[in-house]
1. For segment 229-269, with only Lys/Arg (+1) and Asp/Glu (-1) charged at the beta-carbon, what is the dipole magnitude about the Cα centre, in debye rounded to 20?
2. Angle, helix 604-617 long axis vs. longest principal axis of the chain, Cα atoms, 0 to 90°, nearest 10?
3. Run the simple label-point estimate for TRP575 and GLN505 please: 7 Å along Cα→C-beta, distance reported in nm.
4. Could you work out what % of the accessible surface of the chain is carbon and sulfur, using a 1.4 angstrom probe and leaving DNA, RNA and ligands out of the count?
5. Using the crude model of +1 on Lys and Arg Cβ and -1 on Asp and Glu Cβ, and no other charge, please compute the dipole size for the chain relative to its Cα centre, in debye to 20.
6. Along its three principal axes, how long is segment 626-674 when you only count alpha carbons? Whole Å, largest extent first please.
7. Over segment 353-442, with a single point scatterer placed on each C-alpha, what log10 of the ratio I(q)/I(0) does the Debye formula yield at q = 0.19 1/Å?
8. Report, to one decimal in Å, the Kirkwood hydrodynamic radius for segment 110-157 based on all distinct Cα pairs.
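The values are calculated or read from the model by the stated rules, or taken from the named source; none is laboratory data. Here the structure is a predicted model, which means the values were calculated and not measured. So basically every Cβ, Gly included, is an ideal-geometry build from the backbone, and we count neighbours across all protein chains shown. Heavy atoms of the whole protein, side chains included, go into the accessibility calculation; ligands, DNA and RNA do not. Shrake-Rupley method; radii C 1.70, N 1.55, O 1.52, S 1.80 Å.
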Amino acid sequence: MAVSGPNDPTATDNGWAYFWRGYAAQFEDLGLARIEWLKAEEHFARAGDQTGLDLVACGLVQGVQLDNQSFDGYAAREERASRLRDLPGAPALDLFVVATRIIIASLRCEFGVAFASDLERAFSALGSEIDANVTLRCACAALKGIGRAFERARADDFLLASERVASRPEVTDYGRALWHLFSALSRWYDVSICQRTREQLDAVERHAHGTVGRRLMARAQIMRALIALNADDAPTADANLNAAHKLLDPEYSQDYALFHLLRARHALAIGAFDQSLAHATVSLQKCEAMQAPAAEIVPILMTMASAQAALGRYDEALAAFVRSGEMSDGVQANPCHVHARLVHALSDMREGALGEARAELLAAFALARNVDLTHFFRALPVLAAKVCGAALDLDADLPFVQKVIAARRLSCPDIGISRWPWALRLKTLGAFVIERDDVPLKPARKAPKRLIDLLRFVASLGGRHVDAARAAATLWPEADGDFGRDALKAMLHRVRVLLGADALQVRDGQISFDEKTVWLDTWALEHVAARIELLAGSGLANDRGSPDGELALRRLQLLTLYRGHFLGEGEVPAWALPMRDRLRARFVRSVEMLGQRLERLGRQDEAIHLYRAALEQDNLAEELYQRLIECHLARGEHAQALGAYRRCRELLSIVLGLRPSARTEALAARIAAH
């Protein structure tokens, strides 16, 4: 290949001889080119030839980025190559330099005017008379950056122009395979051209031959795994990674690091979090051993931190996210900072510091808005849903959280989250309300009383597996069996018209609300109460460590859910009274258990706040007045204790016509004694 450049390309015993041999070899095997360039570098260093060192640095930088070679000595070479400008009278060698500048700018995420100018030069070269292998190599370097500097149409033009060069007969098979690989890399994330990307990877395997081709085929399989993971296709990704593992070259640590990174991501996708952490650790060790730059290490740290967060190892996850942010520049650091704050919030919640958790969530979402980051914890939808649920409970930026849930179609992680955006919500505590998309349902015409009674009746019997014959007999007591069944059937049809076909289901003579589409507040209250009873007890909770973090959140949920008695304060049908009494008793019992735990921990002020908040919802709960009086007495607040006693006595007398119990009067005597 005739290429003009510094010194005589026919020389045989100096750095330039090795440089030109490396330059020629790069179009068949960048690994072989590296051997020649390293020899050239030794000669140039001894001779003090700065131009030679600059050009060798360009070749070695390209080898690292295009061929996944060693990062040994990369930083100094990158710095040297980035300063090199045009070489007058040497167009092919000038493209060699331009390709290097494009690679460096892409790695550094420096997509400014200089980067766009170099891309334009690469584009212009595709239509020039410069050797096809030279121009195609420059195109390969540019492919990862075209989406940053060109609009979609212009990027497509670049791909088309470089494809014409790749099809020219003088282009080597290695050059074609490399171009197809980087063409796939340039758009791997674009699902609209997924088939096109697969065809590019097929072409890599057609043109790859021998030992060099084996390395390229390994990267093609890794690329297929990346595409599969992006499409949430874990089985295909697993098969691709298994195929890649058989082709990996031990001398190419970058390939191994990327392989283990994708193994870590695959393990995240299937919920194998310990395996994910192990693979991410291997990937990080390999990158650090080969002195990889920050841009290569940050994705590994992010994956490692995600696995640690999924395992509940929040301190380690926070440290990894913080480190990744410190290693990133500008807006590239924002996702790292967002995840760090989210993990901090999760840690605060586990400790029961809900105020601090809310502050961290608000700060995280403010950052996320700036970069429209809705896919935090992308590989961990359950953890993302947990974060969103906590934000809803804590009233932290509800519009953004709802946007995230809608964009990702996240599933509700816990039925106790009353603000989760269910399509259909039935509220029975405090009043009977039907909400669709968070808005109270207003039928075109007034819903018949029997329709509402049917919904209330099903809810009063638990919302699941309610006997249809019993419903007919209860709601149409004056009708005979057939008429009652027909009336019920007609009313069920009207319910489905109003609420949707799946809202109320009848199977084997039993009526149930569909738990996938309907949220019922009684279900949520029963769930929250059950968790409180489990965690506030002295058995299982102690075996699993302090449950205070979850109990703090459950306390908030309990008070949010119980807005009043079942079906409100109006006239309540006799068939609803058992559910009303049961839910009221469970609410009071849960408040007592939470409050007594707070008292045992010496947190009387929090217990007092809890009892007062609960009494706002049920001002006849004598048990809670007793606990409130006990707390005030323990704090020496006798006037407040007396006020609580008097309120209890007056309400019991006025509303129920009853006197306080002996235990309450005994507390009154203790107050009087002081």
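1. Roughly 100 debye for segment 229-269.
2. Compared with the principal axis, the helix lies near 70 degrees.
3. 2.2
4. Roughly 51 percent, rounded to a whole number.
5. Around 2400 debye, computed over the chain.
6. 31, 16, 16
7. Ignoring solvent entirely, the Cα scatterers give -0.89.
8. The answer is 10.9 Å.
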